[in-house]
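Everything below concerns the one structure shown next.
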Amino acid sequence: MPVDAPQETLFQRHRHLGIDRAVIVQASCHGTDNAAMMGALKAGEDRYRGVAVVADDITDHQLADMHAVGVRGVRFNFVKRLGGGKPLDVYRRILAKIKSFGWHLIVYFDAEDLEELTPFLESIEVPVVVDHMGVVPVEQGLDSTAFKLLHRLLLGDEKFWVKISCPERLSKTGPPYFDVDPITLKLLESVPDRVLWGTDWPHPNMKTHIPDDGQLVDRIMRICDTSALRQKVLIDNPTRLYWTD
């Protein structure tokens, strides 16, 4: 049971950090009850977009209601310890329903499961965002099997995007997460037009520490060391995926 994280706190945090627009991703702890996420989208108006978690029996009418308030994608959680990993036919039925809305998919998985999931991911016909850098083991570096698989996916098909979020979950050395930089920089170098950034606030299930969101924002200046790259990652890329209907 995570701590309370009301929309008012989120909006205040964004104002303080200078974030004008953001995407709210449905938290796993809420399951398929997207009411809190949709309420925040309504309160935030056009400044916010959403990613939902839905069941395979969701109706077109329910999807249309979500689209109207700003939902633009769904998230599939394959992490077994978080209750993920349903039969693939369940996910295929959901994908068939969201395709006509122009939505995309976010996938969250453990790195060791990527090889098994690759054929399914390659068969998907909507854009696919890989969450949290594929949770690759940063201590193994760019030569790890997990990173090579992720890198091959991104280079092999332009439908694949990647989110350079959660260095706090991947790091073995802790703040300011320097050990995650080689992975992040390689992803930025390889597919700069298909990279998204996020803070993962309010950081559920963190066992070691609660990261400083200001420090996560400051990290942008290190990993995106030119104004052109910051423009892509913070503005152009999310605009293309979330604000272009």
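Couple of notes before you dig in:
- Close Cβ contacts (under 7 Å, 6 or more residues apart or on different chains) running from residues in the range 14-41 that are within 13 Å of Pro202 (Cβ to Cβ) and in contact (Cβ under 8 Å) with a residue 40 or more places away in the chain to residues that are surrounded by 20 or more Cβ atoms within 10 Å (Cβ to Cβ) and among the aliphatic types (A, V, I, L, M) comprise Val25/Val51; Val25/Ile106.
- Residue selected from the range 47-74 under the condition surrounded by 19 or more Cβ atoms within 10 Å (Cβ to Cβ) and of a type in the set (Lys, Arg), by the criterion nearest to Gly102 (Cα to Cα): Arg72
Matching residues to (1) in contact with a Phe, Trp or Tyr (Cβ under 6 Å, 6 or more places away or on another chain); (2) in contact (Cβ under 8 Å) with a residue 24 or more places away in the chain; (3) under 16 Å from Arg21 (Cα atoms); (4) surrounded by fewer than 18 Cβ atoms within 10 Å (Cβ to Cβ):
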position	(1), (2), (3), (4)
Ser190	no, yes, no, yes
Leu196	no, yes, yes, no
His203	no, yes, no, no
His209	no, yes, no, yes
Gln215	no, yes, no, yes
Cys224	no, yes, no, no
Ser227	no, no, no, yes
Gln231	no, no, yes, yes
Trp243	no, yes, yes, yes
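- Selection of the range 10-31 for residues being surrounded by fewer than 16 Cβ atoms within 10 Å (Cβ to Cβ), modelled with pLDDT of 95 or more and closer than 20 Å to Val69 by Cα yields only Asp20.
- Residue within the range 35-49 that is outside any helix (DSSP H, G or I), touching a helix residue (DSSP H, G or I) at 6+ places or on another chain (Cβ under 6 Å) and modelled with pLDDT of 95 or more present: yes
- Selected residue (only one of Asp110, Asp131, Asp89, Asp143 is more than 30 Å from Asp46 (Cβ to Cβ), within 18 Å of the chain's Cα centre (by Cα) and of a type in the set (D, E, K, R)): Asp110
- Identity of the residue in the range 116-139, in a loop (DSSP other than H, G, I, E, B) and hydrophobic (A, V, I, L, M, F, W, C), that ends up surrounded by the most Cβ atoms within 10 Å (Cβ to Cβ): Val136
- Residues of the range 140-178 that are over 18 Å from Glu116 (Cα atoms) and surrounded by fewer than 16 Cβ atoms within 10 Å (Cβ to Cβ): Gln140, Gly141, Leu142, Asp143, Leu155, Glu158, Lys172, Thr173, Gly174, Pro175, Phe178.
- Residue match in the range 53-75 (condition: within 25 Å of Leu150 (Cβ to Cβ) and touching a Pro at 6+ places or on another chain (Cβ under 7 Å)): no
- Residues within the range 98-107 that are out of contact with any Gly (no Cβ under 7 Å at 6 or more places or on another chain) and surrounded by 19 or more Cβ atoms within 10 Å (Cβ to Cβ), tallied: 2
- The criterion of at least 1 residues that are over 21 Å from Ile106 (Cβ atoms) is met by the following helices (runs of 4 or more DSSP H) wholly inside the range 181-245: 181-190, 213-218, 220-223, 227-231.
- Scanning the range 55-94 for residues that are among the aliphatic types (A, V, I, L, M) and in a helix (DSSP H, G or I) returns Leu63, Ala64, Met66, Ala68, Val69, Leu82, Leu88, Val90, Ile94.
- Met1 meets all of the listed conditions (1) modelled with pLDDT of 95 or more; (2) exposed (fewer than 12 other Cβ atoms within 10 Å of the Cβ); (3) not hydroxyl-bearing (Ser, Thr, Tyr) but one, namely (1).
The values are calculated or read from the model by the stated rules, or taken from the named source; none is laboratory data. Owing to the predicted nature of the structure, the values given are computational and were not obtained by experimental measurement. Reconstructed Cβ throughout: ideal geometry from the backbone, glycine too, with neighbour counts over all protein chains shown.
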